[in-house]
Amino acid sequence: MLLRGILMNYLVTGTDMKILLTRTVIISVLIVMIFTISCTENAEGITYSAWELYNDTDHSIGIIVYENSKELKPINLNNKGSSWQSEKYESSWHGDDMLPIYMVLGGDSLTITFDKSKQESFLVEEVNDFNIYDKHHYNIIQECETLKIYRYTFTEADYKNAEPIGAED
């Protein structure tokens, strides 16, 4: 009987079935944790948001952010499908869903250049159908229960709205 119990715990290859089962369970648990860790509800119920600029045009897009007419940072969306995404911020900032885009970018104005041939400039407070500072021009993408992406998608309409570089005002 003792010999039968010993033989039942080993495979033909001599591998201990208890160790094999334990390893399988541990690996399975780790795989599940890896796939769900970024989109699970955390204990505090905190949710996060991020800003995204997405190029859905056939043009290269260069964005330069300015503060008091001084260049702060460039953002390049070189081809269709390229994007820029901010850090993830905790939601519910001052009763709003998200830290405002102008605070994330850090400037008071910006210039968007298409193919180095057409461009458009925007101020933070400016009301315009194409102003990327305006939150209402962003689509909200619910990545998971704890992450929302605010995405501005550049389209051919943005390109057509831009003025040729060097054109008289």
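Values in this text are rule-based calculations from the coordinates and carry no lab data. Keep in mind that what you see is a predicted model, and the values were worked out from it rather than measured. Neighbour counts are summed over all protein chains in view; Cβ atoms, including those assigned to glycine, are modelled from backbone coordinates with ideal geometry.
Amide H contacts of Thr57: Gly81, each under 5 Å away and 5 or more positions distant or on a separate chain (H built 1.01 Å from N in the peptide plane; Pro and chain starts excluded).
Ordering Lys116, Lys88 by the number of other Cβ atoms within 10 Å of each residue's own Cβ, fewest first, gives Lys116, Lys88.
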